[in-house]
1. Within segment 40-70, can you find the residues that are modelled with pLDDT under 95, within 15 Å of the chain's Cα centre (by Cα) and within 22 Å of Ile233 (Cα to Cα)?
2. Evaluate the following for Val154: is it part of a loop (DSSP other than H, G, I, E, B) and either crowded, with 16+ Cβ neighbours inside 10 Å or free of Cβ contacts under 8 Å to residues at least 24 places away in the same chain (or both)?
3. Within segment 124-133, is even one residue in contact with a Ser or Thr (Cβ under 9 Å, 6 or more places away or on another chain), on the phi < 0 side of the Ramachandran plot and in contact (Cβ under 8 Å) with a residue 60 or more places away in the chain?
4. Just checking, how many residues over segment 83-115 are in a helix (DSSP H, G or I), within 21 Å of Lys177 (Cα to Cα) and not polar (S, T, N, Q)?
5. Checking the structure you have, find out if any residue of segment 66-86 is closer than 19 Å to Ser143 by Cα, out of contact with any strand residue (DSSP E or B) (no Cβ under 7 Å at 6 or more places or on another chain) and among the polar types (S, T, N, Q).
6. Would you please list the contacts, defined by Cβ atoms under 6 Å and residues six or more apart or on different chains, that run from a residue in segment 186-210 that is buried (at least 18 other Cβ atoms within 10 Å of the Cβ) to a residue that is of a type in the set (S, T, N, Q)?
7. Report whether or not Lys80 is out of contact with any His (no Cβ under 8 Å at 6 or more places or on another chain), outside any helix (DSSP H, G or I), of a type outside the set (Val, Ile, Thr) and assigned by TED's automatic domain parsing to the domain that holds Leu258.
Amino acid sequence: MSDLEFPPMNFFDELEKIQQRIKGKRVLLFLDYDGTLTPIVKTPDLAVISSEMRELVRQASQVTTVSIVSGRATDDVREKVGIKGIFYAGSHGFEIVDPHGRVTINEEAKKVKSVIAEVHTKLSKKLEEVRGALVENVKYTISCHYRLVSDKDVHLVEFAVNKVLQDYPSLRKTDGKKVFEIRPRIDWDKGKAVEWIMDYLGYDRKKDLPVYVGDDTTDEDAFRVLKGRGIGIFVSNDIRPSEAEYIVNDTSDVRRILKFFLETAKEVAKKS
């Protein structure tokens, strides 16, 4: 992202323009989970969606298409959100469950599932002595969290990840918020998952407006995919360059976004 010149615009400063873009179109709403629907917390198990946020997502799903796109395992995020009739794309989109419960798994990712399990075991053992390190098997990826690791020990976590990966050329490391992600070396990411869902829905540039809301570096792939086709909204109180067109501060702003699109969708439904 270093080649990007300008930071995103404040979403709420541009509501009139956004309303004009939405007019007469079907909104395809894509939402990240951690840091977007829930605040960032110390450990993944503490990231629980509030009843208010869940209700807003549920209401939105009644008037438009909603997809949750997460680095979490699909089963995990599906259980946490607990809303039927929407898309769930887990493990950065390697596994997608459609609104009818049908599961689609990236064929190449299937082949490395056993390798992921093996690396998870090795890395967990290597990091046993690093206080605060948490190694999470996310079915087709591994999340190595260091949010609770002291600053002086973070290099030990990255060293362990790099050391283990030396023996696994089929895997690669990416960075997130206080986490190292280990993923299959496959041309697939959240952006590809968004495109897959758009194709599934019969996306029409003239009739549809995809909107993606996310907070992490892994969401940049989705923002990039929507350039010229939809709207990317970056959730961050740190204004910096992003592939997203717009920016908001935090999860409370995400609630405002959902209310905005919910009301807009209701207006479109009334006129159709």
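The values are calculated or read from the model by the stated rules, or taken from the named source; none is laboratory data. What you are looking at is a predicted structure, and each value in this text was computed from that prediction instead of being measured. Because the Cβ atoms are built from the backbone with ideal geometry, glycine has one as well, and the counts that use them run over all protein chains shown.
1. Ile40, Ala47
2. No; evaluated as a whole, the condition is false for this residue.
3. Checking segment 124-133: not a single residue is in contact with a Ser or Thr (Cβ under 9 Å, 6 or more places away or on another chain), on the phi < 0 side of the Ramachandran plot and in contact (Cβ under 8 Å) with a residue 60 or more places away in the chain.
4. Number satisfying all stated conditions: 2.
5. Within segment 66-86 (the criterion being closer than 19 Å to Ser143 by Cα, out of contact with any strand residue (DSSP E or B) (no Cβ under 7 Å at 6 or more places or on another chain) and among the polar types (S, T, N, Q)), the answer is no, since none of the residues qualifies.
6. Trp188/Asn106; Lys190/Thr218; Ile197/Ser67
7. no
Rundown of residues vs (1) modelled with pLDDT of 95 or more; (2) closer than 13 Å to Leu31 by Cβ, yes/no style:
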| position | (1), (2) |
| --- | --- |
| Leu201 | yes, no |
| Lys206 | no, no |
| Tyr212 | yes, yes |
| Thr218 | no, no |
| Ala222 | yes, yes |
| Ile231 | yes, yes |
| Asn237 | no, no |
| Tyr246 | yes, no |
